[in-house]
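Data first, discussion second: the structure below is written as C-alpha cells.
The values are calculated or read from the model by the stated rules, or taken from the named source; none is laboratory data. Treat the numbers as computed from the prediction; the structure is a model and nothing was measured. So basically every Cβ, Gly included, is an ideal-geometry build from the backbone, and we count neighbours across all protein chains shown. With ligands, DNA and RNA removed, areas are computed over all heavy atoms of the protein, side chains included. Shrake-Rupley method; radii C 1.70, N 1.55, O 1.52, S 1.80 Å.
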Amino acid sequence: MLSFTEAVHDGYGQTFRIDRLVHYEKTELQELVIFDNASFGRVLALDGLVQLTERDHHAYHEMIAHVPVLGHGAVRDVLVIGGGDGGVLREVLRHEDVRATLVEIDARVIGTARTHLPFVCGDAFDDPRAEIVIGDGLAFVRDTDRRFDVIVVDSTDPVGPAAALFGEAFYHDCKRCLRPGGVLVTQAGVPFFQGPQIAAAHALRAGLFAHATAYLAAVPTYTGGPIALGFASDADLAPGDLALLRERFRAARLETRYYAPDVHVGAFALPPEVRSLLHGA
Ligand code: AG3
C-alpha cells in the first residue's frame, strides 16, 4: 500500500493513503506530488508539505481572500504572493471590481494545477483581470512601483526559500507596496505546533504596521487545530463591524461554504494561549 507521510512537526506526522498517484514531478525548484485519497480527495504536496486538499481547501481560500477584501471594503488591486494553485486568485476575483496580480516562483505549480486541480483554480488563470508573474515574490515587492489594496501571502511553511517570506525585509517591502489603509494577510502556521514561528513573524509585522493581529480558520488538512492567518494594516480593520460586513457580503453576492460575516468577526476571537503568542502574556 502506497502512502504519503507529512512529517513537519517534531515527532508527529500525518499519513495519507495514496489511492491513486495523479502526478509526480521534480520541478527545477521542488518536488510536486498530486494524489487521490479516500477521505481528503485530491491532495497537492510540495517538498513533502501538504498544500491543499479537495475536501477543505475552500475553507482556507475563502478565509484568506474574503476577510481582507470585505474587511477593507473598497479593494481594486490585490497582490497574491505564491498561491500557484490558483485558489486565492479565484476567490479574490469573485469580487467584480478586483484585479489581481499573482507572483508565483514555480511555473510548474500553475501548469499542474490547471491540469489536475481545476476544482481549485477554475478558470482564474485565464481571467482578463488576472496578471500572472512567474518570479520571486521577494524581488517583486522589492522592485515594483505598483501599489495594492490587499497583499495575500499564500506561502508554504518557512522552510527553504519560503523562509524569507516570513522575514522583516519582505514585510517591509509589502508595506511599501500597499496603498494607505491596505491590508497584508499571511499564512502564519498552526498555533498548536508552530507557536514560536507565529510569534516571531507577528512581532515583525507589529513593528511595521499600526495594527497587527491574526485570525483563525479550521482546515483539517493543516493538522493540529486551527491555522492562524496574520492580518496587518495601518487601518483598524479587525475584527470589523458585523453589520457593515453583512452589507458588503450581500452586495458581493458570494457563494461561500466557510466564510460568512459572523465567521469573519468570530475568527478574530483568539484563545488566550494564541493571544499571548501575539501580544504577550
Ligand atoms: N498554503 C499553506 C500551506 C501550509 C503548509 N503547511 C503544512 N502543511 N504544514 C497552501 C497553499 C494553498 N493555496
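Condition first: open to solvent by less than 40 Å² (accessible area, probe 1.4 Å), under 17 Å from R55 (Cα atoms) and more than 15 Å from the ligand (Cβ to nearest atom). Now tell me which residues in the stretch 1-34 satisfy that.
Listed by number, the residues that qualify are I18, V22.
Which of the residues spanning the stretch 257-281 are open to solvent by 40 Å² or more (accessible area, probe 1.4 Å), closer than 24 Å to R90 by Cα and assigned to a loop (DSSP other than H, G, I, E, B)?
Answer for the stretch 257-281, where residues must be open to solvent by 40 Å² or more (accessible area, probe 1.4 Å), closer than 24 Å to R90 by Cα and assigned to a loop (DSSP other than H, G, I, E, B): R257, Y258.
Looking only at residues that are open to solvent by 40 Å² or more (accessible area, probe 1.4 Å) and outside any strand (DSSP E or B) in the stretch 35-63, which one is farthest from the ligand (Cβ to nearest atom)?
Of all residues in the stretch 35-63, those open to solvent by 40 Å² or more (accessible area, probe 1.4 Å) come to 38-40, 42, 47, 54-55.
From what's left, outside any strand (DSSP E or B): 38-40, 47, 54-55.
Working: A38: 19, S39: 16, F40: 12, D47: 10, E54: 12, R55: 13 Å.
Restricting to residues being open to solvent by 40 Å² or more (accessible area, probe 1.4 Å) and outside any strand (DSSP E or B), the top hit is A38.
When the residues of the stretch 84-94 are filtered to those that are part of a loop (DSSP other than H, G, I, E, B) and either touching a helix residue (DSSP H, G or I) at 6+ places or on another chain (Cβ under 6 Å) or assigned by TED's automatic domain parsing to the domain that holds V33 (or both), which remaining residue is farthest from R253 (Cα to Cα)? Walk me through how you get there before you give the answer.
So in the stretch 84-94, the residues part of a loop (DSSP other than H, G, I, E, B) come out as 84-86, 94.
With the extra rule that they be either touching a helix residue (DSSP H, G or I) at 6+ places or on another chain (Cβ under 6 Å) or assigned by TED's automatic domain parsing to the domain that holds V33 (or both), the set shrinks to 84-86.
Details: G84: 26, D85: 24, G86: 21 Å.
Going through the qualifying residues, I end up with G84.
Being more than 25 Å from H9 (Cβ to Cβ), open to solvent by 10 Å² or more (accessible area, probe 1.4 Å) and away from the ligand (no atom under 12 Å from the Cβ): is that true of L216 here?
So L216 does not fit the description; no.
Please verify whether the stretch 7-24 includes one or more residues that are closer than 30 Å to P180 by Cβ and in contact with a Gly (Cβ under 7 Å, 6 or more places away or on another chain).
In the first step, residues of the stretch 7-24 are kept if they are closer than 30 Å to P180 by Cβ; the result is none.
No: the stretch 7-24 contains no residue that is closer than 30 Å to P180 by Cβ and in contact with a Gly (Cβ under 7 Å, 6 or more places away or on another chain).
Based on this model, can you work out whether R90 counts as open to solvent by 20 Å² or more (accessible area, probe 1.4 Å) and within 12 Å of the ligand (Cβ to nearest atom)? Working first, answer last.
Details: open to solvent by 20 Å² or more (accessible area, probe 1.4 Å): yes; within 12 Å of the ligand (Cβ to nearest atom): yes.
Spelling it out, R90 is indeed open to solvent by 20 Å² or more (accessible area, probe 1.4 Å) and within 12 Å of the ligand (Cβ to nearest atom).
Looking at the stretch 134-145, which of its residues are loosely packed, with under 13 Cβ neighbours inside 10 Å and of a type outside the set (G, A, S)?
Across the stretch 134-145, the qualifying residues are D143, D145.
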